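Written below as structure tokens is the structure these notes are about.
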Amino acid sequence: MKIVSLAVPVLIALALAGTGGFSGVAEARALADTTLQRMMGQIRRDKFDHVLPRAMRDNGVDMWIHVIRDRNPDGLASELGGQSGVFVFTDRGQDRIERAILGHTDEALWEEDAYDILAGEEAFEGDAGWAHVIGEFVAARDPQRIAVNYSGINALADGISHTDYETLAGALGEKYAARIVSAEHVIGDFLAGIVVGQIALAGYFGLITTETIDEEFAKIEVGVTRLEQIDGNVFVRDPDGNENNNNDYVIQPGDIVTILNGTGEGLFVADLGGNGYALRDGETELPERVSRIWDHAMDVRDILRANIRIGPTAGETLETLIGKLEEAGYLYIDSDQYDPGLDPTKTQVHLDLHAQGRRDMDAPRISPLGGDWQRAMRIPLFHSFTLEYMVHMPVPEWGPGKHLYIAFHDGAIVTPRGIEFPYPPDPGMRIIR
């Protein structure tokens, strides 16, 4: 995947403005880094203000303690803003969750105003010096349920070491240690919650990805270009469902080529897919069967857009979508392989509508794939996800089991109005000449 820095638009802006205030690229990149840091700070504050209270209250948690040991990478470091420390979030009955860090963290947080309490000067390395402080801190707030970052289902929520857990439990004492529960659902809901700043990043990175996919399709020379020469996740399936993926396969006339690509930073990664058909000798436009599978795919897109809403769980949404697809005459399949045992006159559809934003957090997941906890999560406001689905259309004249295949990977947002696109979805079957 191509990773593009926010330095790029800053450099462009400087060039267009004709400013002479910067002597070179280094200064411009420094400005870009500062801008990125400020944007992350704003996203962090907005998530603390608007997402965190709901994440804690929906899960019946009064306090969330997240322990990050120095030099031990944690998946939530960028969201919380520090590489080490004991991060404590307390619901004290007001609109705003109290936020504290016990132990030194990134210097930027001291000026960011995202936290109410910042205590400590040394990096937290698991030393027991923090135990006395946190014991008194928790007792003063008397939480009934204390969520801690351990989990048996969500790797992102499983960051605390056994030693630090034992130290924490000892510091809290028997009374409060008995109130500890896993923070897995709080963390899942916190990460799944999207704020406007992240939507802005989705659109920005999505437009870059759109341009990238156009550039990659423009490289293709039928009979010459190998899949491995194209940037992204690139594949072709034959009429029997056999797939060539990013290998030395040379694109041939009659192939449907799918390119999936993504662009982003640690803040947000936006994905997109594109499809193209390589014309056969004598063809000047798409053959009827290719136009027909595209029409089926657009019909499926409309069904998905009309039936994904804020509130239901991902699992409930999946069942709704299956019913609507079958009402419309399609067959749902729970794996991305054509099933020759089903009605040979009907097009088959597979779904994997997973969360988008960070590669290691794909929940809520409207899909048969993944764990039950991912399907148990509710679709939140501004749920950012990949409208990923695959269409397998039988072609009876080619013989039993023969079919065409097309795949989609469009970025989408669930708003109160329904599904909206922060950047253009796959616009149509490209003709590769």
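The values are calculated or read from the model by the stated rules, or taken from the named source; none is laboratory data. Since the model is a prediction, treat every value here as computed from it, not as a measurement. Methodologically, a virtual Cβ is constructed for each residue, glycine included, from the backbone with ideal geometry; neighbour enumeration extends over all protein chains shown. Calculation scope for accessible area: heavy atoms of the full protein, side chains included, ligands and nucleic acids excluded. Shrake-Rupley method; radii C 1.70, N 1.55, O 1.52, S 1.80 Å.
Pairs meeting the criteria (first residue in the range 310-338 and assigned to a helix (DSSP H, G or I), second residue of a type in the set (S, T, N, Q), beta carbons under 8 Å, at least 6 apart or on different chains) are Ala314/Ser367; Ala314/Gln374; Thr317/Asn307; Leu318/Ser367; Thr320/Asn307; Leu321/Asn307; Lys324/Asn307. Being without any contact (Cβ under 8 Å) to a residue 40 or more places away in the chain and out of contact with any strand residue (DSSP E or B) (no Cβ under 9 Å at 6 or more places or on another chain) holds for only one residue in Gly418, Gly341, Gly370, and it is Gly341. Residues that are modelled with pLDDT under 90, within 20 Å of the chain's Cα centre (by Cα) and open to solvent by 20 Å² or more (accessible area, probe 1.4 Å) within the range 45-80 comprise Pro73, Asp74, Gly75, Ser78, Glu79, listed in sequence order. Output the number of residues of the range 248-275 satisfying the condition of being modelled with pLDDT of 95 or more, among the hydroxyl-bearing types (Ser, Thr, Tyr) and assigned to a strand (DSSP E or B). Total meeting the criteria: 1.
Residues that are touching a Phe, Trp or Tyr at 6+ places or on another chain (Cβ under 6 Å), of a type in the set (Asp, Glu) and surrounded by fewer than 19 Cβ atoms within 10 Å (Cβ to Cβ) do not occur anywhere in the range 279-295. Based on what the data block shows, is Tyr330 in contact with a Ser or Thr (Cβ under 8 Å, 6 or more places away or on another chain), crowded, with 19+ Cβ neighbours inside 10 Å, among the aromatic types (Phe, Trp, Tyr) and at pLDDT 95 or above? Judged against the criteria, Tyr330 is a match. For the range 421-433, taking the residues that are out of contact with any helix residue (DSSP H, G or I) (no Cβ under 8 Å at 6 or more places or on another chain) and open to solvent by 60 Å² or more (accessible area, probe 1.4 Å), the one that is nearest to Thr225 (Cα to Cα) is identified as Arg433. Is it the case that some residue within the range 200-209 is open to solvent by 40 Å² or more (accessible area, probe 1.4 Å), of a type in the set (A, V, I, L, M) and in a loop (DSSP other than H, G, I, E, B)? No: the range 200-209 contains no residue that is open to solvent by 40 Å² or more (accessible area, probe 1.4 Å), of a type in the set (A, V, I, L, M) and in a loop (DSSP other than H, G, I, E, B).
This table checks each residue for (1) surrounded by 15 or more Cβ atoms within 10 Å (Cβ to Cβ); (2) without any contact (Cβ under 8 Å) to a residue 40 or more places away in the chain.
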position	(1), (2)
Leu227	yes, yes
Val234	yes, yes
Asn245	no, yes
Ile251	yes, no
Leu272	yes, no
